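The values are calculated or read from the model by the stated rules, or taken from the named source; none is laboratory data. Since we're looking at a predicted model, the values are computed, not measured. Note that we place each Cβ from the backbone using ideal geometry, even for glycine, and neighbour counts take in every protein chain shown. Please note that ligands, DNA and RNA were not included when accessible areas were found on the heavy atoms of the full protein model with its side chains. Shrake-Rupley method; radii C 1.70, N 1.55, O 1.52, S 1.80 Å.
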Amino acid sequence: MTTEGDDSAAPPRQRLEWLRAASDRLPTSWLTVIATGLFLVATAAFGGLATAAEPGPVAIEPGQEHRNDQFAVTVERVLLVDELTEAGVYVDDGERVLALVVTVENTWTRPIAVHPTSSLTESVRLDGLSDTPPDSIARYDDGTVAPWLQPGVPAQLVLAWAVKAGQFTDAQPMRITLSDMTLYTGSFVASGQWWDDPAPAATMTVTLDDIGAGG
């Protein structure tokens, strides 16, 4: 039994006309909001609004160059030696020297000094020593410590750490991470330009070569 005014008893066509008439009375802005809300709900349900995952570091091989806006870095060798005073590293009893040999080109427009607390040490990290800056950075050819790199002029460098004897062993795989840095320009309180915020961009694995007293 139906009662007067009960829309559920109306024929389908009349109900559609009632629905159409009711929607015509809604402000257009309301309809837009409702439609947008339904779209967002449906999209979210299917993961359409999920943030796309950023690509991780690429895997490269030793000897392969990684280039960015600050440096072009080519990792050549990782060596374990008894001492390396010519590169500015001095060891105590029970210590040896781990030396990372790299070729670095300054790709920026200004000369860059490379030393243990410079941005180069943020750009090149070794697993096992990633939180320890090198004791020295020197040119491989003449032993100049903390050299300046001129734009566009590659230089072979040694990043060297004094490490405990036995901490690293011959033929040990060494994972190296190369990062890209962001250039910041200061204003007001800070001034000048500097590189910061390393973002891992490339990784590689190099086999450690124990050469004893050197060679």
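Please state the relative contact order of the stretch 64-206 as a whole percent: Cα pairs under 8 Å, 6+ residues apart?
Computed over the stretch 64-206, the figure is 25 percent.
With Cβ to Cβ distances under 13 Å as the rule, what net charge do the other residues near residue 115 carry (K, R +1; D, E -1)?
-1
Considering only protein heavy atoms and a probe of 1.4 Å, how much of the accessible area of the stretch 145-215 is carbon and sulfur, as a whole percent?
Details: 2130 of 3820 Å².
For the stretch 145-215, the apolar C and S fraction of the accessible surface comes to 56 percent.
Give me the distance in nm between label points sitting 7 Å out from Cα along the Cα-to-Cβ direction at residue 150 and residue 58, one decimal.
It is 3.1 nm.
Under a 1.4 Å probe, what is the accessible area of the stretch 93-215 per residue, stated in Å²?
In whole numbers, the stretch 93-215 has 49 Å² accessible per residue.
Pull up all non-local amide H partners of residue 149: gap of 5 or more, or a different chain, and H-to-H distance under 5 Å with H placed in the peptide plane.
Excluding prolines and chain starts, which carry no amide H, the hits are 112, 113, 114.
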